[in-house]
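Below: one structure, written as structure tokens.
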Amino acid sequence: MTMATIRHEGLKAWIDETARLGQPDQVCWVDGTEEERSRLAKRAIARGFVIPLDQDRYPGCYYSRSNPNDVARTEHLTYICTRKREDAGPTNNWMSPEEGYAKAKEIIQGSMKGRTMYVIPFSMGPIGSPFSKIGVEITDSLYVVLNMLIMTRAGSKVLDHLGTDGSFTKCLHTRADLDVRRRLILHFPEDNAVVSTGSAYGGNALLGKKCLALRIASWQARQENWLAEHMLILGIEKDGKTDYVTAAFPSACGKTNLAMLIPPRGLKAKGYKIWTLGDDIAWLRVGRDGRLWACNPEAGFFGVAPGTNSKTNPNAIATIRKNTIFTNVLLGDDLSVWWEDGEGEPPASGTSWDGKPWTPGLRDADGKPVPGAHPNSRFTAPASQCPSIAPNWEDPQGVPISAIIFGGRRERLAPLVFEALDWAHGVYAGATVSSERTAAAVGKVGEVRRDPMAMLPFCGYNMGDYFGHWLQMGGRMSCPPKIFHVNWFRKDENRQFLWPGYGENLRVIEWILARCHGKGKAARTPIGFVPAKGALDLAGLNLPEGAMDKLLEVKAEDWAAELDGVKVFFDQFGAALPKELWRQYDALKDRLKTKVPA
Ligand code: OXD
Ligand code: MN
């Protein structure tokens with residue numbers, strides 16, 4: 001592919017303009033062929049951007065180490081650039097488009113000198129599906145190109161689909177000098193454009209993912225009456241019938257593990273088969289049948305490595321055996337990779353994520369263990385390699401959703417599961433999700449923050465309007481999914497996890513689906529329905545005496561105290577917060593005052 005063969009004038013003009021600004025040595029169009037992929041990988045090795053792993057053990061796999069100051073999303077440097085500040089809302093950083101473009105221009109000017117500028121046409125969603133959107137990423141990072149080739153459907157076939165005047169998201173990325181002072185992740189939803197500078201970290205630099213598929217797409221979804229959400233998609237097959245659910249959890253709270261769940265031994269006899277459709281993002285549209293249909297816009301997994309092993313997620317371990325890029329894990333001297341709570345023994349010696357010599361058991365001057373892998377180290381792997389990938393994961397029509405599950409990471413308060421009373425109450429439950437912070441974004445790990453629908457860092461417009469959009473979407477469906485809230489992370493008084501999690505979570509999903517089918521016994525509490533005694537199948541689990549009661553406990557006084565935090569959170573939206581959410585708030589407050597019969 002060359003510039004001369006490009007028939008889209010708007011695209012051509014943007015490429016020309018960017019090349020004049022960045023001043024790369026050359027422009028290279030990415031055509032998406034296998035031949036090209038291996039040529040680019042060789043180039044990346046030659047330039048030291050990636051290191052090939054032992055190709056017998058890890059065929060087609062590469063290692064990459066990032067700048068140590070560039071290992072997670074930088075929310076404080078991420079902006080929504082709309083003409084009106086209130087359109088970005090109080091939970092987003094805002095900059096005017098003029099200022100955004102001016103700042104970006106200053107950083108990009110000449111930043112590609114001595115480099116190649118790659119142009120990657122890509123489709124989020126199967127090419128040509130009614131769900132899908134096209135983007136074109138310009139980048140001067142080969143690492144980004146290799147990752148985009150896994151995470152999206154990229155190359156000439158996308159350009160063919162774009163035609164001479166199709167619309168696309170302009171995604172401009174330059175790593176510049178990777179200096180945090182020149183790091184900015186700017187979104188221009190009114191122009192369908194993203195500009196990202198100074199970072200090569202996935203969430204900041206693979207612009208199809210968080211920038212297009214969540215921030216820009218959420219803006220478009222509001223205008224076009226659909227939803228772009230931070231959700232996994234999972235299929236649960238039993239007796240020849242498959243139900244689909246989506247689940248939204250904050251970053252690094254186990255979406256990938258849940259999406260690839262293996263049924264627990266205790267439920268084996270029931271013959272469940274679990275299908276993976278997506279682990280991070282779902283685009284949802286109302287079907288002609290009045291149900292909600294979901295499609296995963298991505299083509300790969302950008303998963304958190306630490307904690308992934310053949311007990312917690314055997315499907316992920318099988319997925320990443322080949323054609324995978326490992327970033328910021330431990331690199332063994334034998335060209336292996338390893339991470340904390342990973343698979344097998346660590347190598348005898350290696351280099352840690354930040355480029356230092358590392359041996360097992362290494363401790364720092366204070367005697368603290370020195371991790372080999374960064375807690376947010378990642379693998380990038382093709383979804384098609386996952387043993388549990390659903391046969392219909394690329395169905396252009398998507399799959400019909402029976403239940404939407406929200407969740408956070410809370411030591412206390414939230415029970416293992418509850419069902420919302422109806423759609424509006426479910427939106428309230430989603431809007432008030434709070435979670436302890438993880439390593440996926442820069443900030444204090446463990447701090448509790450509100451993360452509505454797990455979208456706090458990803459909603460491309462005013463979240464008050466976003467809640468309003470969710471509420472009105474309910475009215476568009478004659479058969480909306482039921483909404484649930486889960487918390488796999490509740491702890492006892494000794495701060496030990498009460499629930500084993502991982503594959504055992506199917507027991508909770510089983511109850512959720514039973515509820516969707518009008519079965520499954522439940523007890524009503526002020527916050528919603530929880531499983532009635534004995535309604536969860538706990539066969540073979542051997543939970544300690546009383547654990548289930550603690551897991552399902554709803555303490556009215558704790559929930560009442562939580563309302564103060566909800567009020568502070570809601571207040572910041574002023575008039576943008578839908579009145580319905582205040583009605584839900586008042587109704588919950590009243591229910592918490594009413595004694596519920598045991
Ligand atoms: C991710 C994230 O990388 O949510 O998926 O940060
Ligand atoms: Mn995510």
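The values are calculated or read from the model by the stated rules, or taken from the named source; none is laboratory data. Here the structure is a predicted model, which means the values were calculated and not measured. Cβ coordinates were reconstructed from backbone atoms using ideal geometry, including for glycine residues, and neighbour counts include every protein chain displayed.
Check whether at least one residue in the range 156-167 is closer than 16 Å to Gly300 by Cβ, more than 16 Å from ligand 1 (Cβ to nearest atom) and not assigned by TED's automatic domain parsing to the domain that holds Ile512, and report yes or no.
yes
Okay, residues lined up against (1) over 18 Å from the mean Cα position of the chain (by Cα); (2) closer than 30 Å to Gly528 by Cα; (3) free of Cβ contacts under 8 Å to residues at least 60 places away in the same chain; (4) outside any loop (DSSP other than H, G, I, E, B):
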position: Asp354; (1), (2), (3), (4): yes, no, no, no
position: Gly372; (1), (2), (3), (4): yes, no, yes, no
position: Pro375; (1), (2), (3), (4): no, no, no, no
position: Phe406; (1), (2), (3), (4): no, yes, no, yes
position: Gly430; (1), (2), (3), (4): no, yes, no, yes
position: Met453; (1), (2), (3), (4): no, yes, no, yes
position: Pro457; (1), (2), (3), (4): no, yes, no, no
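Residues in the range 187-203 that are touching a Leu at 6+ places or on another chain (Cβ under 9 Å) and farther than 20 Å from Glu229 by Cβ: how many?
Number satisfying all stated conditions: 7.
Got at least one residue in the range 94-107 being of a type in the set (Ser, Thr, Tyr), touching a residue at least 60 places away in the same chain (Cβ under 8 Å) and surrounded by fewer than 20 Cβ atoms within 10 Å (Cβ to Cβ)? Full working, then the answer.
Taking the range 94-107 as the starting set, the residues that turn out to be of a type in the set (Ser, Thr, Tyr) are 96, 101.
Now drop any that are not touching a residue at least 60 places away in the same chain (Cβ under 8 Å), which leaves 101.
Next, from what is left, pick out any that are surrounded by fewer than 20 Cβ atoms within 10 Å (Cβ to Cβ): 101.
Yes, the range 94-107 contains at least one residue that is of a type in the set (Ser, Thr, Tyr), touching a residue at least 60 places away in the same chain (Cβ under 8 Å) and surrounded by fewer than 20 Cβ atoms within 10 Å (Cβ to Cβ).
Within the bounds of the range 190-200, is there any residue that is within 16 Å of ligand 1 (Cβ to nearest atom), outside any strand (DSSP E or B) and closer than 20 Å to Met455 by Cα?
no
Which one is modelled with the lowest pLDDT, of the residues in the range 400-437 that are surrounded by fewer than 20 Cβ atoms within 10 Å (Cβ to Cβ) and within 16 Å of ligand 1 (Cβ to nearest atom)?
Step by step, filter the range 400-437, then rank; the result is Arg437.
Any residue that is under 18 Å from Val71 (Cβ atoms) and touching a Leu at 6+ places or on another chain (Cβ under 9 Å) - is there at least one of those in the range 385-397?
No, the range 385-397 contains no residue that is under 18 Å from Val71 (Cβ atoms) and touching a Leu at 6+ places or on another chain (Cβ under 9 Å).
Within the range 536-574, can you find the residues that are at negative phi, of a type in the set (Gly, Ala, Ser) and in a helix (DSSP H, G or I)?
The answer is Ala547, Ala556, Ala560, Ala561, Gly565.
Criterion first (in a helix (DSSP H, G or I) and within 16 Å of ligand 1 (Cβ to nearest atom)) does Met473 satisfy it?
no
Tally up the residues in the range 135-170 that are among the hydrophobic types (A, V, I, L, M, F, W, C), within 17 Å of Arg378 (Cβ to Cβ) and not in a helix (DSSP H, G or I), please.
Selection size over the range 135-170: 0.
When the range 49-68 is examined, which residues are found to be surrounded by fewer than 16 Cβ atoms within 10 Å (Cβ to Cβ) and either within 16 Å of ligand 1 (Cβ to nearest atom) or modelled with pLDDT under 95 (or both)?
Pro68
Report yes if some residue within the range 307-314 is of a type in the set (Gly, Ala, Ser), out of contact with any Ser or Thr (no Cβ under 7 Å at 6 or more places or on another chain), part of a loop (DSSP other than H, G, I, E, B) and away from ligand 2 (no atom under 16 Å from the Cβ); otherwise report no.
yes
Among the residues of the range 236-285, which ones are within 16 Å of ligand 2 (Cβ to nearest atom) and part of a loop (DSSP other than H, G, I, E, B)?
Once the filter is applied, which keeps residues that are within 16 Å of ligand 2 (Cβ to nearest atom) and part of a loop (DSSP other than H, G, I, E, B), the range 236-285 yields Phe249, Pro250, Ser251, Ala252, Cys253, Gly254, Met260, Asp279, Asp280, Ile281.
Could you tell me which residue of the range 551-569 is nearest to Thr525 (Cα to Cα), considering only residues that are β-branched (Val, Ile, Thr) and either in contact (Cβ under 8 Å) with a residue 40 or more places away in the chain or touching a helix residue (DSSP H, G or I) at 6+ places or on another chain (Cβ under 7 Å) (or both)?
Checking each candidate, the answer is Val554.
Examine the range 21-38 for a residue that is within 16 Å of ligand 2 (Cβ to nearest atom) and not aromatic (Phe, Trp, Tyr), and state whether such a residue exists.
No: the range 21-38 contains no residue that is within 16 Å of ligand 2 (Cβ to nearest atom) and not aromatic (Phe, Trp, Tyr).
Quick one: which residue in Thr327, Thr319 is within 14 Å of ligand 1 (Cβ to nearest atom), in contact (Cβ under 8 Å) with a residue 12 or more places away in the chain and not assigned by TED's automatic domain parsing to the domain that holds Glu237? Working first, answer last.
On the way: Thr319 fails: within 14 Å of ligand 1 (Cβ to nearest atom).
After applying the criteria, what remains is Thr327.
Scan the range 486-496 and give yes if some residue there is more than 16 Å from ligand 2 (Cβ to nearest atom), within 18 Å of the chain's Cα centre (by Cα), at pLDDT 95 or above and of a type in the set (Val, Ile, Thr), otherwise no.
Checked the range 486-496: at least one residue is more than 16 Å from ligand 2 (Cβ to nearest atom), within 18 Å of the chain's Cα centre (by Cα), at pLDDT 95 or above and of a type in the set (Val, Ile, Thr).
Residue by residue through the range 201-229, note down the ones that are assigned to a loop (DSSP other than H, G, I, E, B), within 16 Å of ligand 2 (Cβ to nearest atom) and not aliphatic (A, V, I, L, M). Show your work before the answer.
Taking the range 201-229 and keeping what is assigned to a loop (DSSP other than H, G, I, E, B), we get 201, 206-207, 225-226.
Adding the requirement that they be within 16 Å of ligand 2 (Cβ to nearest atom) leaves 201, 206-207.
Once the filter is applied, which keeps residues that are assigned to a loop (DSSP other than H, G, I, E, B), within 16 Å of ligand 2 (Cβ to nearest atom) and not aliphatic (A, V, I, L, M), the range 201-229 yields only Tyr201.
Just to be sure before I move on: is Trp511 part of a helix (DSSP H, G or I), of a type in the set (Phe, Trp, Tyr), under 27 Å from Asp537 (Cβ atoms) and away from ligand 2 (no atom under 16 Å from the Cβ) in the structure I sent?
So Trp511 passes the test.
Within the range 232-246, is there a residue that is within 12 Å of ligand 1 (Cβ to nearest atom) and in contact (Cβ under 8 Å) with a residue 24 or more places away in the chain?
yes
What number of residues in the range 277-300 are surrounded by fewer than 20 Cβ atoms within 10 Å (Cβ to Cβ) and either within 16 Å of ligand 1 (Cβ to nearest atom) or without any contact (Cβ under 8 Å) to a residue 24 or more places away in the chain (or both)?
So the count comes out to 1.
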